[in-house]
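Single-structure report; data block below.
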Number of protein chains: 6
Amino acid sequence: MEGLTHFNKEGRATMVDVSDKAITTRTATACATVKLNENTYKLVREGKMKKGDVLAVAQVAGIMAAKKTPDIIPMCHPIALTKVDISYEMDDEKSTIYIESTTKCKGETGVEMEALTAASACALTIYDMCKAIQRDIEISDIHLLTKSGGKSGDYNYKGE
Amino acid sequence: MEGLTHFNKEGRATMVDVSDKAITTRTATACATVKLNENTYKLVREGKMKKGDVLAVAQVAGIMAAKKTPDIIPMCHPIALTKVDISYEMDDEKSTIYIESTTKCKGETGVEMEALTAASACALTIYDMCKAIQRDIEISDIHLLTKSGGKSGDYNYKGE
Amino acid sequence: MEGLTHFNKEGRATMVDVSDKAITTRTATACATVKLNENTYKLVREGKMKKGDVLAVAQVAGIMAAKKTPDIIPMCHPIALTKVDISYEMDDEKSTIYIESTTKCKGETGVEMEALTAASACALTIYDMCKAIQRDIEISDIHLLTKSGGKSGDYNYKGE
Amino acid sequence: MEGLTHFNKEGRATMVDVSDKAITTRTATACATVKLNENTYKLVREGKMKKGDVLAVAQVAGIMAAKKTPDIIPMCHPIALTKVDISYEMDDEKSTIYIESTTKCKGETGVEMEALTAASACALTIYDMCKAIQRDIEISDIHLLTKSGGKSGDYNYKGE
Amino acid sequence: MEGLTHFNKEGRATMVDVSDKAITTRTATACATVKLNENTYKLVREGKMKKGDVLAVAQVAGIMAAKKTPDIIPMCHPIALTKVDISYEMDDEKSTIYIESTTKCKGETGVEMEALTAASACALTIYDMCKAIQRDIEISDIHLLTKSGGKSGDYNYKGE
Amino acid sequence: MEGLTHFNKEGRATMVDVSDKAITTRTATACATVKLNENTYKLVREGKMKKGDVLAVAQVAGIMAAKKTPDIIPMCHPIALTKVDISYEMDDEKSTIYIESTTKCKGETGVEMEALTAASACALTIYDMCKAIQRDIEISDIHLLTKSGGKSGDYNYKGE
C-alpha cells in the first residue's frame with residue numbers, strides 16, 4: 001500500500017519535487033457530464049445552431065480554466081500547456097451533454113488536473129448560463145479518460 | 001418556455017444587468033461527491049486524524065476558488081462574499097466523501113455559482129492529492145442543495 | 001490648469017481615496033476599432049454565421065477583462081460591476097469591426113476604465129485569432145463614448 | 001485563401017497544438033499611440049522629470065500585463081517570457097506619446113500577443129492616470145512592428 | 001482565553017461570516033522595514049532623484065498587492081478598497097527604508113491584511129530590484145501601526 | 001560599485017533579458033519569523049495537534065503564493081517551479097514560529113523571490129488567522145538562507 005505523495009516529512013502539504021523527472025510529451029483526456037431537463041437541453045441545442053451559443057462560452061471558460069489550474073489546485077505545478085481542446089457530444093435522448101477535454105505539454109509532470117479542471121469549468125459555465133431556467137441541473141461523471149507520457153505510462157479508464 | 005438570459009440582442013453572451021435588483025442577504029449551499037477505492041479512502045480518512053490531511057488542503061482550495069468564481073465562470077458578476085464554508089461527510093461503507101459548501105453575500109445577485117465552484121475545486125483537489133495512488137477516482141453529483149434571498153425566493157433540491 | 005490626481009504628496013502613485021464620494025449608478029461606453037484586410041474580414045464575417053466564431057470568443061474575452069481591470073490598471077479601484085456588454089458593428093466597405101463596450105456599477109467611482117479595458121481585450125482577441133492569416137492588423141480609435149453618474153456628470157465624446 | 005487556425009473540427013475555439021513546433025528564440029515588438037491635449041501632455045512630460053511620473057507607473061503596468069497575456073487573451077498559450085521592455089518616444093509637436101514594447105522567449109510559439117498586450121495596458125494606464133483632467137484621450141495605432149523566430153520567419157511592419 | 005475564530009465546528013478553516021457586522025469606514029496602517037548595506041542604499045537613494053527609481057516600482061507593486069490580498073491570504077474576504085497609499089522614510093544613518101502603507105474601505109470587515117500585504121509586497125519588490133548587487137538584504141518589523149472602524153474600535157501599536 | 005540591473009537605458013524598469021543565460025537546476029531557501037505572545041502561540045501550537053490547524057492553512061498559502069510571484073513582484077520572470085516546500089520550527093521559549101521555504105526550478109533565472117514570497121505569504125496567513133486574538137503580532141527576519149545554481153554560484157547567509 002503506497003502512501004500519499006503530496007506531504008513532506010512533517011505531514012504537511014508540499015508541491016513535490018519533479019526536477020529529476022524526464023521531460024516527455026504528456027497528454028490527458030478527461031470528461032464531465034451535464035444533465036439538463038428537456039426544455040433546457042432544447043434551448044442549448046438550438047443555441048448551438050442559432051443565437052445564444054452556451055457551448056461556445058463554456059468552451060472558452062474551459063480552455064482558460066485549464067491555464068489557471070495551478071492557481072486553483074494548490075499543489076499543482078505550473079505547466080506550459082501546448083494544447084487545450086474541448087469537444088461536446090449531445091445526447092438528445094437523455095437531454096445530456098458530454099464534455100471531453102484534452103490537454104498536452106512537454107514537461108516533467110502530467111496534465112490530468114488541467115484536463116479535469118477544463119472539463120469542470122466548462123460544465124459549471126453551462127450550469128451558470130442555464131440556471132435561470134432550471135435549478136436542478138446536475139454535473140457528474142468527472143474523471144480521467146486517457147493519459148500518456150511520463151514514467152507511469154499510458155492509462156485508459158475502465159469504468160462502467 | 002422562458003429563454004436563456006445571458007445573451008444580448010445580437011445573440012452574444014453578456015453579463016446581465018443586475019443594477020436594479022434589490023440588495024438582500026443571499027445564501028447558497030452546493031455539494032459534490034468524490035468516490036475513492038477502499039485503499040485511497042482509508043489513507044484520506046487516516047490523514048484526517050494523523051499526518052497528511054488531504055481534506056485540510058481541499059478546504060483551503062475550495063474557499064479560495066469561491067473567491068475566484070468571476071474569474072473562472074465568464075458571465076458571473078464579481079461578488080463581495082461575506083462567508084464561505086465547506087464541510088465533509090465521510091461514508092466508510094462506500095469509500096465516498098460528500099462535500100458541502102456554503103456561501104453568503106449581501107448583494108444584487110445570488111451566490112450559487114460560488115458554492116458550486118467551491119465544491120468543485122475542493123473535489124478536484126482531493127483528486128489531485130490522491131491521483132498518484134488511484135487513477136479512476138470519480139467526481140459526481142455536483143448540484144445546488146439550497147438557496148435563499150433574492151426575488152426568485154428559496155429553493156431546496158428535490159433530486160433522488 | 002488642474003494637476004494629476006493619482007499622486008500623493010511625495011509625488012508617488014496612489015490609489016486615490018474615494019471613500020467620501022457618493023454611491024450612484026455609473027455607466028460608461030467605450031469603443032475600439034479593428035482594421036482587417038478583405039480576406040481576413042471575410043473569414044471573420046462568415047464565421048459569425050457558420051463555423052469558427054471569432055467574435056464570440058472576443059466577446060467572452062472582453063467581458064472577462066472588464067472584471068480584471070483593477071488587476072491590469074494599477075491605480076484602478078476594485079469595482080463590483082453590475083453589467084458588462086459588448087456589441088459589434090461590421091463595416092463591409094472598410095473591412096473594419098467596430099467594438100462597443102458598456103459597463104455599469106453602483107459605486108463611488110466611475111467605470112470608464114472597465115469599458116476601455118473590455119474593448120481593448122476584445123480587439124486584441126480578434127487580433128490573436130486572425131494573426132495567423134494577417135500580420136498587419138491594426139487596432140485604433142480606443143476612446144470613451146459616453147459616461148454617466150458621479151459628481152462630474154455626463155459626458156459624450158465629441159471627436160471627429 | 002488560408003482559413004482561421006484557432007478552431008477545431010466542430011468549429012469551436014481551441015488552443016492550438018504547438019507541441020511539435022521547434023523551440024527557437026522568438027522576439028516581437030509592438031506599438032501603441034496615446035494622443036493627449038497640450039495641457040495633459042505637458043503635465044505628463046513634466047512628471048517625467050519631476051513629481052508624479054505617469055510613465056513609470058504605465059511601464060510597470062505594461063510589463064505586468066505582458067505576463068498576464070494568457071489570462072487575458074483566451075487562446076494564447078502560457079509562455080515563459082525571458083524579457084519584457086517598454087520605451088517611450090515623446091512628440092512635443094503633436095502632444096503624443098509613442099509606446100514601444102519588446103518581448104522575448106525561447107519556445108514553441110511567438111510572443112506578438114504579449115508585446116501587443118503590454119503596449120495596450122501601458123496606454124490604458126496613461127489614460128487612467130490622466131482621465132481626471134482630460135476625457136477625450138485617444139489610444140490608436142496598436143500593431144506589430146517586428147517579429148523574429150519560428151517557422152514563419154521575420155516580419156517588419158510596412159504600414160503607412 | 002479567547003479561541004481562534006477562523007475555524008468551523010469540524011476544526012477546519014473557514015472564511016467567517018461577516019454578513020451581520022456593521023458597514024463602517026475602516027482604515028489600517030501597517031509598516032515594513034528594508035535594511036540595505038551602504039552601497040545598495042545609496043543607489044536606491046540616488047535613483048529616487050535621477051534614473052532607475054526602485055521605490056516607484058515598489059509603490060506600484062504594493063498598491064496592486066493590496067488588491068490581491070483575498071487571493072494571497074486564504075481566509076480574507078474580498079474587499080472593495082476605497083484607498084491604498086504607500087509612503088517611504090529614508091534613514092541615511094542606518095541605510096534603511098521604512099515603508100508605511102494605508103488602506104481604507106467601507107465594509108463589514110477590516111483592512112489590516114490589505115495594509116500588511118501592501119507593505120510586504122513593496123518590501124519584496126525593493127529586495128528583488130536590489131538582489132543583483134546585495135544578497136543579504138533583510139526585511140523586518142512588519143506589523144500593524146493603527147486601525148480604526150468596526151466593533152473592536154481603534155488600535156495603536158505600542159511596540160518598542 | 002555595480003549598478004542596478006532592472007532598469008533600461010531610459011532609466012525605466014525592465015524585466016531583464018535572461019534568454020542567453022544557461023538553463024541549470026536552481027534552488028533557494030528563505031525564511032521568515034512570526035513573533036506571537038504566549039497565549040496566541042499556545043493556541044497555534046495546540047492546533048497543530050488537535051483542531052484548527054493554522055499552520056496547515058499557512059502552508060497552502062505559502063505554496064500558492066510562490067506560484068503567484070511573477071504576478072506580485074513586477075520585474076520577476078514567470079518560472080516553471082518544479083518544487084515548493086515549507087517547514088516550521090516552533091520555539092516554545094520565545095513563542096516564535098520560524099518559517100523556512102524551499103523552491104526549485106530548471107531555468108535561466110533564480111528562484112529566490114519565489115522562496116521569499118512563499119515565506120512572506122505564509123507568515124501573513126498566520127498573522128491573519130491569529131489577529132482576532134492578538135493585534136501586535138510581528139513578522140521579521142525575512143531573508144535568503146541559501147541559493148544554488150546559475151552563474152553567480154552558491155550562497156549561504158552569514159547574518160547574525
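The values are calculated or read from the model by the stated rules, or taken from the named source; none is laboratory data. What you see is a predicted model; the values in this text were computed from it and never measured. Note that we place each Cβ from the backbone using ideal geometry, even for glycine, and neighbour counts take in every protein chain shown. What goes into the accessible areas is simple: the full protein's heavy atoms, side chains included, and nothing from ligands, DNA or RNA. Shrake-Rupley method; radii C 1.70, N 1.55, O 1.52, S 1.80 Å.
Before moving on, here are some points about what is shown:
- Residue tally, condition farther than 16 Å from F:I72 by Cβ and crowded, with 22+ Cβ neighbours inside 10 Å, over the stretch E:79-94: 4
- Number of positions in the stretch A:72-87 that are farther than 19 Å from A:I142 by Cβ, more than 9 Å from chain D (Cβ to nearest Cβ) and not in a loop (DSSP other than H, G, I, E, B): 0
- Some residue of the stretch E:28-43 being away from chain F (no Cβ under 12 Å), within 30 Å of B:A28 (Cα to Cα) and under 21 Å from the mean Cα position of the chain (by Cα): no
- Test: residue in the stretch D:88-101 that is in a loop (DSSP other than H, G, I, E, B), more than 24 Å from D:C130 (Cα to Cα) and over 14 Å from the mean Cα position of the chain (by Cα): no
- Test: C:I23 is closer than 26 Å to B:D71 by Cα, more than 11 Å from chain D (Cβ to nearest Cβ) and open to solvent by 40 Å² or more (accessible area, probe 1.4 Å): yes
- For the stretch B:129-160, filtered to residues that are on the phi > 0 side of the Ramachandran plot and more than 7 Å from every other protein chain (Cβ to nearest Cβ), the residue that is modelled with the lowest pLDDT is B:G153.
- The set of residues in the stretch C:107-141 that are part of a helix (DSSP H, G or I), touching a residue at least 24 places away in the same chain (Cβ under 8 Å) and among the charged types (D, E, K, R) comprises C:E112, C:E114.
- Qualifying residue in the stretch C:66-75 (condition: at pLDDT below 95 and either acidic (D, E) or surrounded by fewer than 23 Cβ atoms within 10 Å (Cβ to Cβ) (or both)): no
- Subset of the stretch A:1-11 (residues that are open to solvent by 20 Å² or more (accessible area, probe 1.4 Å) and of a type outside the set (F, W, Y)): A:M1, A:E2, A:G3, A:L4, A:T5, A:N8, A:K9, A:E10
- Per the listing E:I126, E:I97, the residue uniquely open to solvent by less than 20 Å² (accessible area, probe 1.4 Å) and in contact with a helix residue (DSSP H, G or I) (Cβ under 6 Å, 6 or more places away or on another chain) is E:I126.
- Within the set B:K151, B:K104, B:K147, the sole residue that is of a type in the set (D, E, K, R) and in a loop (DSSP other than H, G, I, E, B) turns out to be B:K151.
- Test for F:K35: is it open to solvent by 20 Å² or more (accessible area, probe 1.4 Å) and under 16 Å from F:M113 (Cα atoms): no
- So E:I126, is it more than 7 Å from chain F (Cβ to nearest Cβ) and under 20 Å from F:T117 (Cα atoms): yes
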